[in-house]
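Enquirer: If you scroll down you'll find the structure; I have some questions about it.
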């Protein structure tokens with residue numbers, strides 16, 4: 001057999017193996033997946049394994065299998081398309097000046113985090129919320145909004161044709177239904193709608209440190225819930241922004257950045273460049289004094305460039 005024929009046969013076998021491994025993907029997606037798998041290995045030394053869950057932590061009460069990068073791309077995840085390529089953000093409720101700034105900064109950050117255009121819509125009032133979708137929390141005394149009502153009755157009916165997803169920011173605490181105390185946010189993996197609250201993120205008006213903490217918490221919830229709308233499930237492999245949380249204290253222990261497996265999912269799904277994404281996020285975190293994330297993105301960029 002001639003050398004040229006051997007090369008063609010070998011290349012065909014390799015391509016068939018990749019198709020078997022990655023399902024019905026085109027060659028561009030397969031090549032992108034291979035490139036990102038190399039990046040995953042390079043980035044792993046920057047990341048930590050998750051700590052053993054405490055008795056009140058998420059994984060102590062929820063059995064989750066996790067989701068590797070390869071499992072993700074074989075799951076036919078929600079991805080941006082030519083027709084559906086924007087994130088819509090709706091502020092829901094009343095926000096003071098500093099809280100409004102946090103909502104605006106969060107929308108900017110989401111665009112950089114997921115490399116997708118973001119459309120900020122006008123603020124909607126809570127006047128139209130039915131009685132069954134409101135309550136006073138029996139434990140905290142906080143006013144609460146039923147998150148499933150926001151998803152099913154408020155967001156889904158007005159989802160724009162070009163929306164990859166539509167997300168509501170609310171100033172009111174959330175609860176998802178019977179048996180639950182509260183949630184920071186909730187999103188539908190398939191319906192492309194989500195909601196999150198800033199009610200438990202602290203008072204951004206106290207001082208700059210309090211503002212930065214409220215901003216960081218809001219960014220975490222916003223990007224975490226948006227990740228679910230890109231079909232990314234909870235991360236169990238690493239200390240990661242996509243890990244589940246049962247409490248604000250547990251959420252504070254998670255980083256704002258993504259682990260190597262989950263960042264590969266984002267870049268593959270949105271067809272975006274890893275280096276470009278890190279550079280834009282570094283600029284944002286430096287501007288907003290998010291030191292832990294700034295340090296991480298500097299080190300990640302250095303690893304990718306060397």
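Enquirer: Just wondering, is there one or more residues in the range 159-177 that are in contact with a helix residue (DSSP H, G or I) (Cβ under 8 Å, 6 or more places away or on another chain), closer than 19 Å to residue 128 by Cβ and surrounded by fewer than 19 Cβ atoms within 10 Å (Cβ to Cβ)?
Expert: no
Enquirer: Sort out which residues of the range 126-158 are out of contact with any strand residue (DSSP E or B) (no Cβ under 8 Å at 6 or more places or on another chain) and either at pLDDT below 95 or in a loop (DSSP other than H, G, I, E, B) (or both), and write them in order of number.
Expert: The answer is 127, 128, 130, 138, 139, 141.
Enquirer: Could you look through the range 226-254, keep only residues that are assigned to a helix (DSSP H, G or I) and buried (at least 22 other Cβ atoms within 10 Å of the Cβ), and pick out the one that is modelled with the lowest pLDDT?
Expert: Ranking the qualifying residues of the range 226-254, first place goes to 229.
Enquirer: For the range 96-120, enumerate the residues that are over 14 Å from residue 284 (Cβ atoms) and not in a helix (DSSP H, G or I).
Expert: Within the range 96-120, 96, 116, 117, 119, 120 meet the criteria.
Enquirer: Return yes or no: is residue 261 in a helix (DSSP H, G or I), closer than 26 Å to residue 30 by Cβ, modelled with pLDDT of 95 or more and over 12 Å from the mean Cα position of the chain (by Cα)?
Expert: It is true that residue 261 is in a helix (DSSP H, G or I), closer than 26 Å to residue 30 by Cβ, modelled with pLDDT of 95 or more and over 12 Å from the mean Cα position of the chain (by Cα).
So that you can scan it fast, the table gives a plain yes or no per residue for (1) assigned to a loop (DSSP other than H, G, I, E, B); (2) touching a strand residue (DSSP E or B) at 6+ places or on another chain (Cβ under 6 Å); (3) over 15 Å from residue 149 (Cα atoms):
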residue: 178; (1), (2), (3): yes, no, no
residue: 181; (1), (2), (3): yes, no, yes
residue: 190; (1), (2), (3): yes, no, yes
residue: 202; (1), (2), (3): yes, no, yes
residue: 206; (1), (2), (3): yes, no, yes
residue: 209; (1), (2), (3): no, no, yes
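Enquirer: Give the residues of the range 178-189 that are free of Cβ contacts under 8 Å to residues at least 60 places away in the same chain and surrounded by 16 or more Cβ atoms within 10 Å (Cβ to Cβ), sorted by residue number.
Expert: Passing the criteria: 182, 183, 185, 186, 187, 188.
The values are calculated or read from the model by the stated rules, or taken from the named source; none is laboratory data. Small disclaimer: the values here were computed from a predicted structure and weren't measured. As a convention, Cβ positions derive from the backbone with ideal geometry for all residues, glycine included, and neighbour counts pool all protein chains shown.
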